[in-house]
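The values are calculated or read from the model by the stated rules, or taken from the named source; none is laboratory data. Because the structure is predicted, anything quoted here is derived from the model rather than measured. Every residue, glycine as well, gets a Cβ built from its backbone with ideal geometry; the counts of neighbours run over all protein chains shown.
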Amino acid sequence: MNHGQLRSVAHSIADSLASGVSLITGFYDLHIYEDAMRSEGGVLTVDLLNGRVVKGTPSTDVTSAVLHIPKEFERLCTAKGLARSDCRRALAHFRTTPISQEFTLVVEDSSGRTTETDFQGVPARRVMELDHLGRLRRRAIRRR
């Protein structure tokens, strides 16, 4: 079991939701970031393993799309040689800032290793920031 592969599966699904045209779920007019803006605290949190919104107020389209995620999560895991049981938790926290649309993935594997990874834009890419020498680098993955 490879933690990076689990993170890849979660990223594929979250990016599909964020794009608004979710080929994975079969919904083609999603506005997840608008739902996040309307939610309390400006955050919409989706549980990718269980197919439900755990924080925020989703639209009916987002709620319907999220219901299809567990089956697709399992399908993508199988395609990468993983089992769904390899993942204990996979959450996507969607939020909108004044200059960008972002989400944070929290992935915990069966051995208890947890990572948080920040993505922004459509298509979603790792957040970039300047290091102490002024070079542009990807934001580090936070391990817990």
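A compact table of results
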item	result
Neighbours by Cβ (under 6 Å, 6+ apart or cross-chain): first from segment 1-19, modelled with pLDDT under 95; second acidic (Asp, Glu) and in a helix (DSSP H, G or I)	Met1/Asp86
Of the criteria (1) surrounded by 19 or more Cβ atoms within 10 Å (Cβ to Cβ); (2) in a loop (DSSP other than H, G, I, E, B), which one Asp35 fails	(2)
Flag for His68 being touching a residue at least 24 places away in the same chain (Cβ under 8 Å) and crowded, with 18+ Cβ neighbours inside 10 Å	no
Given (1) farther than 23 Å from Asp118 by Cβ; (2) touching a strand residue (DSSP E or B) at 6+ places or on another chain (Cβ under 9 Å); (3) of a type outside the set (Val, Ile, Thr), number of the condition Ala90 does not satisfy	(1)
Residue, surrounded by the most Cβ atoms within 10 Å (Cβ to Cβ), within segment 105-144, restricted to residues that are outside any strand (DSSP E or B) and of a type in the set (Ser, Thr, Tyr)	Ser110
Evaluation of Leu82 against (1) modelled with pLDDT of 95 or more; (2) surrounded by 17 or more Cβ atoms within 10 Å (Cβ to Cβ); (3) farther than 15 Å from Thr104 by Cβ (one fails), failing number	(1)
Hits in segment 18-56 - residues which are basic (Lys, Arg) and touching a helix residue (DSSP H, G or I) at 6+ places or on another chain (Cβ under 9 Å)	Arg52, Lys55
Test result for Glu102, more than 23 Å from Arg142 (Cβ to Cβ) and not in a loop (DSSP other than H, G, I, E, B)	no
Subset of segment 90-104 that is out of contact with any helix residue (DSSP H, G or I) (no Cβ under 7 Å at 6 or more places or on another chain) and polar (S, T, N, Q) - its residue that is surrounded by the fewest Cβ atoms within 10 Å (Cβ to Cβ)	Thr97
